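Inspection log for the structure reproduced underneath, given as structure tokens.
The values are calculated or read from the model by the stated rules, or taken from the named source; none is laboratory data. On a predicted model such as this, the values are computed, not experimentally measured, just so you know. Every residue, glycine as well, gets a Cβ built from its backbone with ideal geometry; the counts of neighbours run over all protein chains shown. For the accessible areas, the whole protein counts, side chains as well, though only heavy atoms, and no ligand, DNA or RNA atoms are used. Shrake-Rupley method; radii C 1.70, N 1.55, O 1.52, S 1.80 Å.
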Amino acid sequence: MSFTDLLLSRRSVTANDLIEPGPNEDQLTTILQAAHRVPDHKKLGPWRFIVFQGDARRSFGNTLRDIFAQDNPDASEKLLEFEQQRFTRAPLVIAVISSPVEEPKAPEWEQVLSAGAACQNILLAATAMGFGSQWLTEWYAFHSKVDAALELKPSEKVAGYMYIGSFASPPTERNRPSLEERISFWK
Ligand SMILES: Cc1cc2nc3c(=O)[nH]c(=O)nc-3n(C[C@H](O)[C@H](O)[C@H](O)COP(=O)(O)O)c2cc1C
């Protein structure tokens, strides 16, 4: 597939549909290198990556379960188990952390956009390798206790959790917003 065809056909595979095998060590390195190679005003590197594989996915699931249970004391055991299993939906989860720094010439907005570009490069690299992937935030990208468990600095935020794995059958295409309505030509 040409790179243009890849760009025009990329689709998310729902995390629930991601299966083993995930990327091997070399493929993971390549995915992270792609994430690292994004436009970056003032060369600040305002992102970092936390990789969850193997048992680490379930052990972080314990943290998610505990935090969810504190917030929802009446949650059923089934729901708590679901929270515990979040990261085990896929063989590999990469948390992309937006990590902006103080730089007057590169406002925070630009640095956050750069982290978003890193997220997209992860999806594209995974797609190019034949893996499925999905960018999720869900509740645990926006929770101060999860941020603390991830050891984020006060200035940092989770840009997204990139779920990556193999898939049995490709997802069907979805309805997309009209491109024509979103284009204008300045005259
Ligand atoms: C920043 C960001 C956060 C997202 N978070 C979620 C989420 O929490 N849950 C979800 O179902 N989809 C989420 N999505 C959407 C999916 O990643 C995906 O884009 C969507 O299912 C559309 O599929 P497509 O990528 O094939 O167009 C998010 C997308 C972005 C860009």
What about Leu113, is it over 24 Å from Ser169 (Cβ atoms) and either open to solvent by less than 20 Å² (accessible area, probe 1.4 Å) or over 19 Å from the mean Cα position of the chain (by Cα) (or both)?
no
Out of the range 79-97, which residues are open to solvent by 10 Å² or more (accessible area, probe 1.4 Å) and either within 14 Å of Val51 (Cα to Cα) or of a type in the set (Ser, Thr, Tyr) (or both)?
Thr88, Pro91
Suppose we keep only residues that are acidic (Asp, Glu) and touching a residue at least 12 places away in the same chain (Cβ under 8 Å) within the range 98-110. Which one would you say is least open to solvent (accessible area, probe 1.4 Å)?
Glu103
Quick count over the range 122-152, residues being in a helix (DSSP H, G or I), more than 12 Å from the ligand (Cβ to nearest atom) and open to solvent by 40 Å² or more (accessible area, probe 1.4 Å), is 5
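Based on this model, can you work out whether Ile67 counts as aliphatic (A, V, I, L, M) and touching a strand residue (DSSP E or B) at 6+ places or on another chain (Cβ under 9 Å)?
Working: aliphatic (A, V, I, L, M): yes; touching a strand residue (DSSP E or B) at 6+ places or on another chain (Cβ under 9 Å): no.
Spelling it out, it is not the case that Ile67 is aliphatic (A, V, I, L, M) and touching a strand residue (DSSP E or B) at 6+ places or on another chain (Cβ under 9 Å).
How many residues are of a type in the set (Phe, Trp, Tyr) and either more than 18 Å from the chain's Cα centre (by Cα) or part of a loop (DSSP other than H, G, I, E, B) (or both) if we restrict to the range 153-187?
The initial filter retains those residues of the range 153-187 that are of a type in the set (Phe, Trp, Tyr), namely 161, 163, 167, 185-186.
Then keep just the ones that are either more than 18 Å from the chain's Cα centre (by Cα) or part of a loop (DSSP other than H, G, I, E, B) (or both); that gives 185-186.
Of the residues in that region, 2 qualify.
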Can you spot a residue in the range 81-92 that is free of Cβ contacts under 8 Å to residues at least 40 places away in the same chain, more than 16 Å from the ligand (Cβ to nearest atom), under 28 Å from Arg11 (Cα atoms) and not in a loop (DSSP other than H, G, I, E, B)?
yes
Residues satisfying the stated conditions in the range 1-50, i.e. assigned to a helix (DSSP H, G or I), within 16 Å of the ligand (Cβ to nearest atom) and not hydroxyl-bearing (Ser, Thr, Tyr)
Asp5, Leu6, Leu7, Leu8, Ala15, Asn16, Asp17, Ala35
Six or more apart or on different chains, Cβ under 8 Å: which pairs go from a residue in the range 158-175 that's within 28 Å of Phe142 (Cα to Cα) and within 12 Å of the ligand (Cβ to nearest atom) to one that's charged (D, E, K, R) and open to solvent by 10 Å² or more (accessible area, probe 1.4 Å)? Could you list them?
Val158/Asp147; Tyr161/Glu138; Tyr163/Arg89; Pro171/Arg11; Pro171/Asp17; Arg174/Arg11
Filter the range 36-61 down to residues that are under 18 Å from Leu124 (Cα atoms), surrounded by fewer than 15 Cβ atoms within 10 Å (Cβ to Cβ) and basic (Lys, Arg), then give me how many there are.
1
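Does Ile97 qualify as being away from the ligand (no atom under 12 Å from the Cβ), among the aliphatic types (A, V, I, L, M) and in contact with an Asp or Glu (Cβ under 6 Å, 6 or more places away or on another chain)? Before you say what the answer is, go through the steps one by one.
Values: away from the ligand (no atom under 12 Å from the Cβ): yes; among the aliphatic types (A, V, I, L, M): yes; in contact with an Asp or Glu (Cβ under 6 Å, 6 or more places away or on another chain): yes.
For Ile97, the condition - away from the ligand (no atom under 12 Å from the Cβ), among the aliphatic types (A, V, I, L, M) and in contact with an Asp or Glu (Cβ under 6 Å, 6 or more places away or on another chain) - is met.
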Scan of the range 52-64 for residues that are more than 18 Å from Lys157 (Cβ to Cβ) and either in a strand (DSSP E or B) or touching a Lys or Arg at 6+ places or on another chain (Cβ under 9 Å) (or both), ordered by number:
Gln53, Arg57, Gly61
